[in-house]
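Here the structure comes first, spelled out in structure tokens, and everything after it is commentary.
Computed from the coordinates by the stated procedures, all read-outs in this text should not be read as laboratory data. Please read these numbers as outputs of a predicted model, since none were measured by experiment. Using ideal geometry, Cβ is built from the backbone for each residue, glycine included, and neighbour counts are taken over all protein chains shown.
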Amino acid sequence: MSKKITIEPVTRVEGHGKVTIQMDDNHQVIDSRLHIVEFRGFERFVQGRPYWEAPVLVQRLCGICPVSHHIAAAKALDVIVGAGDGDGLTAVGEKMRRLMHYGQFFQSHVLHFFHLSSPDFLFGIDGDPAMRNIVGVAQVHKELAVQGVMMRKFGQEVIRLTAGKKIHGTGAIPGGINKNLSIAERDELLKGPDPLNADKMIEWSLSALEFFKNYHKQNHAKVDDFASFPSNHLSMVRKDGALDIYHGVLRAVDSEGNRILDDVDYHEYYNYIEEEVKSWSYMKFPYLKHLGKEKGWYRVGPLARLNTCDFIPSPLAQKEFEEYKAYTHGKPNNMSLHYHWARLIEVLHAAEVIRDLLHDPDLQNEDLVVKGKKQKEGVGVIEAPRGTLFHHYKIDDNDLITMANLIVSTTNNNEPMNRAVESTARAFMNGQETITEPMMNAVEVAIRAYDPCLSCATHALGQMPLEMTILGASGRILDHKMKD
Amino acid sequence: MEKTNNKIRITIDGKRTYVTKGSTIVEAAKENGIYIPTLCHFEGADPKACCRMCTVKINNRMMTSCTTPVTEGMEIENDTEELNEVRKSIIELLFVSGNHFCPACEKSGNCELQALAYRYKMLVPRFPYSFPRKEVDASSPKIIKEQNRCIACKRCIKTIRDEHGKHYFAYKNRGQHLEVILDPVLGDTMPDDLAKKAMENCPVGSILYKEKGFDQPIGTRKYDKQPIGSEIENNV
Ligand code: SF4
């Protein structure tokens, strides 16, 4: 008899999701899906609102990486207020935003690694479920748990001092920033009491990397083969090819490293990226237009960024990057669990950038905002912790928003996450008569590698058809409803 | 306060004090470092007593203290559980009768309604939200009139006039459809400083000066520094 397995809710991810796996009579996986069961509506909420409200309003999409939405929206509005195409701010304007963004990048990545993922490495996917969480980590590996908590706190402090508040601040405004960093604030981060200072953060980032690399050494096959599949990779890179999460051009490579999007201007993202709507999910499926739906889907996030960029512009992270690249002989890395490795290299990079920015006297400048000739439309793109984030707004003659389009990081990873679910389901469940807890955990581990933020990913309202199917134990359809 | 010729004696919450003859209860209390909450009241403009926030009790009767003058021997109840409950209910009613979303409001931190809600410890209104359908009028070059947040306090109508005394703002409609609108002709030529003053005088975020958004950092806004009323209470 065929059966349907449901994993709900998917745990230790941001937001709520649901997975269904359909198996045939011979216990073979025939279909699998990651459903997003949350429903948001931010693209509609902002319509009719004054444009300068957008960075403060849309960041409410998320409590984990609100800064990403805050800054992406502000970048789009920079264009609207005539402050250039993303690189026209004053030095203090851009550097304060960078500091805020790298601070949030640091805390979000740390949260994901220590709080959400480390239990899988420490206790294994078949470990005691009661222990596979941050409390379990604190009981057995106290030092590691403390590091995770304090590193996150440091990132949050960076956000507080740049945005005014740890969550949902107001620092970035159209054309710049609303405050600079005082010397006292700078010293809080630079010379804060141990461990809350930038140098300690670099030291701990290195030790987190060591932890992962050791785990990898002992579990090569397990890590490398898990949910590994070829894909395209997309991210923003700096014009010279460096890793840059604040500003740059769009680049995509295929699984072999060939350029399939060659450093194009992100303001015209809509010429290159299309989104497909599927009836069974609130989350859209983006793909590269010129390659089509079947071949054009891509991964984003840490793994993709380290596949697209040529180098990392900070010495310690660059050294780690070289070791990481050597592992795949310079070719793109297509292994899902290597997201963790890439993420930790980015944690180190963020810590180095934060330290260097804090030493920059431009942060104490007073010229916070620039404005020029007003425009009616603006696009802002940044690399959020989870991947490339697009914000696009149009305004009318009265300064009210008439259109908003957001393509959020997790949405970009929709197809890859579904592939990861399928690959793991097949690897762990094919031929198995009984489905065990560790098998279901494996599916979650695959999803978790992408650090999805499911609440962010379902921000749209109004265009999504919704289909609900209720299946009996035998697979017979009992009820079916459709909304379009 | 000392007794002099132009002073009379009153009692506020059992505390005997001397206040200036001819002043209103709100003014007299302020003179003595006692805060009576107000919302529609604006110093320098005629009081209208439309919000009822300043309700006090005199001889067991509820009175608005922004319009009631002090008299010799008057005994006033102000900071009592009963009256504070009335005030909290007024704040809650104002919240549910409009669409007040503080998180994305430019006035947050400078908003008197929000500050009063904090002072009277409103967590969530006990009344059902009415979610009225209101417009955002952005047709004027200087000002956005955000009808969702207007509490009809009339402060803009009373205080924003041109050099001939002509009102920039006026009431339109009645009852639940009442709105405060900006005169379209005068609005077109509204001077910059007056537009900024209109935003400042509005106790909530219903009058927004165009393109001014969030440039005052969190932590430096008026009520981030001290709770509403403390400027009077700390000034004894
Ligand atoms: S716009 Fe502001 S000042 Fe005018 S009546 Fe409404 S709330 Fe009062």
| remark: PRE zone check, label point 7 Å out along Cα-to-Cβ of residue B:201, amide N under 18 Å, scope the range B:99-127, hits B:111-113
| query | Where a Cα-Cα gap under 12 Å defines reach, which aspartates and glutamates qualify for residue A:293, not counting those fewer than 8 residues away within the same chain? | reply | A:274, A:275, A:276, A:415
| task | Subtracting the Cα-Cα distance from 0.36 nm times the residue separation, let me have the gained length for residue A:44 to residue A:18 in nm, one decimal. | result | 6.9 nm
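With a sphere of radius 12 Å drawn around the Cβ of residue B:80, what net charge do the other residues whose Cβ falls strictly inside it have (Lys, Arg +1; Asp, Glu -1)? Intermediate results must be reported in sequence, preceding the final value.
Working: positive: B:57, B:87; negative: B:13, B:77, B:79, B:81, B:82, B:85.
Taking every other residue near residue B:80 into account, the sum is -4.
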| request: Among DSSP beta bridges whose residues both lie in chain A, state the antiparallel percentage, nearest 5. | output: 95 percent
| remark: Mean separation of Cα contacts under 8 Å (at least 6 apart) over the residue count of the range A:147-212, i.e. the relative contact order in percent, is 27 percent
| said: Run the numbers for residue B:194 and residue B:135: contour at 0.36 nm per residue of separation, minus the present Cα-Cα distance, in nm. | reply: 19.0 nm
| request: Determine the calculated [θ] at 222 nm for chain B from helices alone, applying -39500 (n - 2.57) to every DSSP H run no shorter than 4 residues and normalising by the residue count; nearest 500 deg cm²/dmol. | output: -6500 deg cm²/dmol
| Between residue A:194 and residue A:276, 0.36 nm times their residue separation minus their Cα-Cα distance comes to what? | 24.6 nm
| message | Which three numbers, in whole Å and largest first, are the semi-axes of the equivalent ellipsoid of the range B:88-211 derived from its Cα gyration tensor as √(5λ)? | response | 26, 15, 13
| note | Final fewest-first order of B:156, B:150 on the 10 Å Cβ neighbour count is B:150, B:156
| task | Just need the relative contact order of the range B:88-211 here, percent rounded to a whole number, with Cα pairs under 8 Å and 6+ apart. | result | 29 percent
| said: With the crude spin-label approximation of a point 7 Å out along Cα→Cβ, what separation in nm comes out for residue A:149 versus residue A:207? | reply: 1.5 nm
| message | Give me the three principal axis extents of the range A:230-331 from the C-alpha atoms, as integers in angstrom, largest value leading. | response | 46, 28, 24
| message | Restricting to DSSP H runs of at least four residues, report the calculated mean residue ellipticity at 222 nm for chain A, -39500 (n - 2.57) per run over all residues, nearest 500 deg cm²/dmol. | response | -12500 deg cm²/dmol
| field | Average Cα contact separation per residue, chain B, under 8 Å, 6 or more apart, as relative contact order % | value | 19 percent
| task | Any chance you could get the radius of gyration and Dmax over the Cα atoms of the protein assembly as shown, in Å? | result | 29.5, 103
| request: In a Gaussian network model over chain B where Cα atoms closer than 10 Å are linked, find which of B:199, B:190, B:53 has the largest mean-square fluctuation. | output: B:190
